[in-house]
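All remarks here apply to the structure that follows.
The values are calculated or read from the model by the stated rules, or taken from the named source; none is laboratory data. As the structure is a computational prediction, the values presented were derived from the model and not from experiment. Don't worry about glycine lacking a Cβ; one is built from the backbone with ideal geometry, like all the others, and counts go over all protein chains shown. For the accessible areas, the whole protein counts, side chains as well, though only heavy atoms, and no ligand, DNA or RNA atoms are used. Shrake-Rupley method; radii C 1.70, N 1.55, O 1.52, S 1.80 Å.
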Amino acid sequence: MHLILTGATGLVGSGVLDVMIKMKDVTKISILSRRPVQMAEDVKDPRVNVILHQDFNQYPKELLDQLKDAEGCVWALGISQTKVNTEDYTKITKDYALSFSRAFQSQSNKPFNFVYVSGYGSTFTPRFWTPFYGKIKGETELELAAMRRENPLFKSVTARPNAIDPHQHPEILPYVPSDAPAMKPSLGLIVKFASQCAKWAHSPTQPLGKVLTELAMGRLDGKIEEAIGKKKGGVEKLDGGFVVLENTALRRLAGLD
């Protein structure tokens, strides 16, 4: 199975890439990245193809031709709202994901699983206290949901992990950005607290990466429908089939709870 990955140099993307490489059923991994991906260079796996791409709002035919047989994508591209202004944050978080989704649908007539990596605090109903990232990610999710309603072959879902923790995932530690929240002393303490005292909020990268990859492969559809049928918490299905997976649902799918 051919999968697409973005954000491969980031915290979540590093975890996903490690999982994808270890899964024999993944026969090709196309990484869209602005710069070389060190993990991909180090593993020297012929299944991994890093496509250097600078403008994530534009997808020329020659690029789409390299992706046309893909069956799923984990969109882990993102940035902290503290690092850029609101305009750039919106472009990176929202516009890029939607531009890719429209471009890929324009040349595909088969089912495609699109997994948007959102985050805890994202909401469809922002209030005045809602952080900017929660508002923008919620808007992105709603537009992806609308795409799925209009085109049922575009099977978009969103994952909202919380307290992402790479410390039990030694394979990726050399590649995790030093400014990732879990690597900062103050925020790292919060992640450690979650791992010990608030497990519902804890999201270790290895099981998270496995869930995100299996979502992109379409392997978890049955488990999600079962959770919806049993009205388990942390999972919501909108009109048209778009599914929202909070961290509690992601942990259940990973077998952590």
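Can you show me the helix-derived [θ] at 222 nm for the chain, built from DSSP H runs with n ≥ 4 at -39,500 (n - 2.57) apiece and divided by the number of residues, rounded to the nearest 500.
Computed mean residue ellipticity for the chain: -11500 deg cm²/dmol.
Suppose every Lys and Arg Cβ carries +1 and every Asp and Glu Cβ carries -1, with no other charges. What dipole size does segment 138-217 come out with about its Cα centre, to the nearest 20 debye?
Once rounded to the nearest 20, the dipole reads 240 debye.
On a full-extension model of 0.36 nm per residue, what is the gain between V84 and D25, subtracting their alpha-carbon distance, rounded to one decimal in nm?
Additional length available on full extension: 17.5 nm.
At q = 0.16, 0.32 Å⁻¹, what base-10 log of I(q)/I(0) does the Debye formula yield for segment 42-91 when every alpha carbon is treated as an equal point scatterer in vacuo?
Values, matching the q order: -0.71, -1.31.
Does segment 99-141 come out rounded, prolate or oblate, given a ≥ b ≥ c as the square roots of the eigenvalues of its C-alpha gyration tensor, rounded meaning a/c under 1.5 and, failing that, prolate meaning a/b above b/c?
Prolate, since a/c reaches 1.5 and a/b exceeds b/c.
In whole percent, and with a 1.4 Å probe on the protein chains, what portion of the accessible area of the chain is carbon and sulfur?
Looking at the chain in its full context, I get 53 percent from C and S.
Please give the per residue volume of the convex hull enclosing the alpha carbon atoms of segment 159-229, rounded to a whole number of Å³.
Taking only Cα atoms, segment 159-229 has a hull volume of 100 Å³ per residue.
Solvent-accessible area of E171, probe 1.4 Å, all protein chains present, reported in Å² to the nearest ten, please.
Per-residue accessible area (E171): approximately 90 Å².
At what distance in angstrom do the alpha carbon centres of segment 80-105 and segment 127-179 lie from each other?
Using only Cα atoms to place each centre, the spacing works out to 12 Å.
Can you give me the three principal axis dimensions of segment 190-234 from its C-alpha atoms, in Å, biggest first?
Projected onto its principal axes, the Cα set of segment 190-234 covers 33, 24, 9 Å.
Can you tell me the Rg and Dmax of the chain, counting just the alpha carbons, in angstroms?
Cα-based Rg and Dmax for the chain come out at 17.0, 50 Å.
Counting pairs of Cα atoms in segment 109-192, how many percent are more than 16 Å apart?
64
Classify segment 1-71 from the C-alpha gyration tensor, please: rounded if a/c falls under 1.5, else prolate or oblate depending on whether a/b exceeds b/c.
oblate
Over the chain, what relative contact order in percent results from Cα pairs under 8 Å that are six or more residues apart?
21
Through the Karplus equation 6.51 cos²θ - 1.76 cosθ + 1.60, θ set to phi - 60°, convert the phi angles of segment 142-154 into ³J(HN,Hα) values in whole Hz; use x for Gly and Pro.
Coupling constants for segment 142-154: 5, 6, 5, 5, 5, 4, 5, 4, 6, 9, x, 6, 8 Hz.
Which residue, K61, K83, K184, tops the fluctuation ranking in a GNM of the chain built on C-alpha contacts under 10 Å?
Looking only at K61, K83, K184, the biggest GNM fluctuation is shown by K83.
For segment 18-107, evaluate the Debye formula with one uniform point scatterer on each Cα (no solvent term) and list log10 I(q)/I(0) at q = 0.10, 0.18 Å⁻¹, rounded to two decimals.
Taking Cα atoms of segment 18-107 as identical point scatterers yields -0.29, -0.92.
Taking the Cβ of T248 as the center, what net charge do the other residues with Cβ under 12 Å away carry, scoring Lys and Arg +1 and Asp and Glu -1?
Spelling it out: positives minus negatives among the neighbours equals +2.
Give, to the nearest whole percent, the P(r) tail of segment 128-257 beyond 26 angstrom, counting all Cα pairs.
Taking all Cα-Cα pairs of segment 128-257, the fraction more than 26 Å apart is 27 percent.
Give, in nm to one decimal, the length gained when the segment between E62 and T123 is fully stretched (0.36 nm per residue of separation minus the Cα-Cα distance).
18.4 nm
Quick one: dipole size for segment 99-257, taken about the Cα centre, charges +1 on Lys/Arg Cβ and -1 on Asp/Glu Cβ, in debye to the nearest 20.
About 220 debye.
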